[in-house]
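All remarks here apply to the structure that follows.
The values are calculated or read from the model by the stated rules, or taken from the named source; none is laboratory data. Since the structure is predicted, the reported quantities are computational estimates derived from the model, not experimental observations. Note: ideal-geometry Cβ built from the backbone for every residue, glycine included; neighbour counts use all protein chains shown.
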Amino acid sequence: ELDALVEALNAAGRSDLVINDPGELEGIMRAREEHVWDYVDPEVIEDLQGNPYVCFYLQEGEDDPVAMDITKAYDFTVTHVDDEDWLHKWEEYFMPTKITDRFVVRPVWREYEAKEGEDVIAIDPGLAFGTGTHATTFLTLRLMEKYLQPGETVLDVGSGSGILSVGAVLLGASEVFAVDLFEDAVESTKKNAALNGCEEKIRAFQGDLTEGLDVKADLVCANLMADLVKMLSKDVAKHLKGRCLYISSGILDEKEEEVSGAITDAGFEIVETIHADGWCAICARYLRCLES
């Protein structure tokens, strides 16, 4: 029935459909090997209990008799939505936030005067990336603050908005290589590098983890998710030099043992693990670097 409704509305010229199908989500959750995920929000679980529905929007006064006639064959409701700029409403709530002893993240549309000992990272996250205040981000930055030495090079795998790359430069990195699977992430990294005056030290690439990447760095940081960190750990050593440090995050506390095991199996020793808000970040060192 849902497919028939969607097909009929598409044929009527409605291409702006929002489709909520609990059955499709159930399939994704069952096929975990095909759809890699770590956790599911409680709100998503609640949605599984509901019925499938299709939603489309009309401007006030707009008339679409064909589409409305199609929906009459189904249970439907009409809801009036306030005319607000929803895409940018969230910006009201993103304030400058101190995320480590040293770093303050501020959105580009807000001013902040740095206090003594603070470095400010200006971020324009756009609509696709976080604000930099999530635990996985500040845990990674805390470990970088502690272990990255001035003049070292960094490889940022899964750079997203580029906040870790910018943080690395502010900590004294001489060069940062940033790689992400998505083109918009690469562009976001470049944009935020420029906002912070770091564009000459950050080189952003599009790529799948480190596949085909001919780069070596003193420190690799990877704020991803548990399964991707495990995958990366098998190959990351060949991209390390010098002190051979590997900082990973995006790991739920309950996945810590599993991920730590994958990292040590790849020839690393765990240097330190830190926790916040149900997440952890791991700093490890490649043992063969110590032997050489």
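What are the residues in segment 244-292 that are modelled with pLDDT of 95 or more and within 17 Å of residue 152 (Cβ to Cβ), if any?
If the condition is that a residue be modelled with pLDDT of 95 or more and within 17 Å of residue 152 (Cβ to Cβ), then 244, 245, 246, 247, 271, 283, 284, 285, 286 are the ones that fit.
If only one of 110, 106 is under 18 Å from the mean Cα position of the chain (by Cα) and among the basic types (Lys, Arg), which one is it?
From the options 110, 106, the qualifying one is 106.
Could you check segment 235-292 and list, in sequence order, the residues that are under 16 Å from residue 223 (Cβ atoms) and of a type in the set (A, V, I, L, M)?
Passing the criteria: 236, 245, 247, 251, 252, 259, 263, 274, 276, 281, 282, 284.
Report, by residue number, each residue of segment 106-141 that is farther than 17 Å from residue 185 by Cα, of a type in the set (Asp, Glu) and part of a loop (DSSP other than H, G, I, E, B).
111, 113, 116, 118
Pick from segment 141-172 the residues that are small (Gly, Ala, Ser) and under 20 Å from residue 282 (Cα atoms): which of them is surrounded by the fewest Cβ atoms within 10 Å (Cβ to Cβ)?
Here the answer is 158.
Name the residue that is surrounded by the most Cβ atoms within 10 Å (Cβ to Cβ), counting only residues in segment 240-287 that are among the hydroxyl-bearing types (Ser, Thr, Tyr) and farther than 24 Å from residue 150 by Cβ. Before you say what the answer is, go through the steps one by one.
So in segment 240-287, the residues among the hydroxyl-bearing types (Ser, Thr, Tyr) come out as 246, 248-249, 260, 264, 273, 286.
Narrowing further to those that are farther than 24 Å from residue 150 by Cβ: 260, 264, 273.
Values: 260: 20, 264: 14, 273: 18.
Here the answer is 260.
Find the residue count for segment 35-79, including only residues that are farther than 16 Å from residue 22 by Cβ, at pLDDT below 75 and loosely packed, with under 10 Cβ neighbours inside 10 Å.
Number satisfying all stated conditions: 5.
Among (1) of a type in the set (Gly, Ala, Ser); (2) within 22 Å of residue 153 (Cβ to Cβ); (3) out of contact with any Asp or Glu (no Cβ under 9 Å at 6 or more places or on another chain); (4) surrounded by 15 or more Cβ atoms within 10 Å (Cβ to Cβ), where does residue 197 come up short?
It fails just one condition, (4).
All but one of (1) at pLDDT 70 or above; (2) assigned by TED's automatic domain parsing to the domain that holds residue 8 hold for residue 93, so report the exception by its number.
With (1) at pLDDT 70 or above; (2) assigned by TED's automatic domain parsing to the domain that holds residue 8 applied to residue 93, the lone miss is (2).
Are any residues in segment 266-292 of a type in the set (Asp, Glu) and part of a loop (DSSP other than H, G, I, E, B), and if so, which ones?
Scanning segment 266-292 gives a single hit, 277.
Residues are listed down the side, and each one gets a yes or a no for (1) more than 17 Å from the chain's Cα centre (by Cα); (2) in the same structural domain as residue 226 (by TED's automatic domain parsing):
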position: 124; (1), (2): no, no
position: 145; (1), (2): yes, yes
position: 153; (1), (2): yes, yes
position: 157; (1), (2): no, yes
position: 160; (1), (2): no, yes
position: 166; (1), (2): no, yes
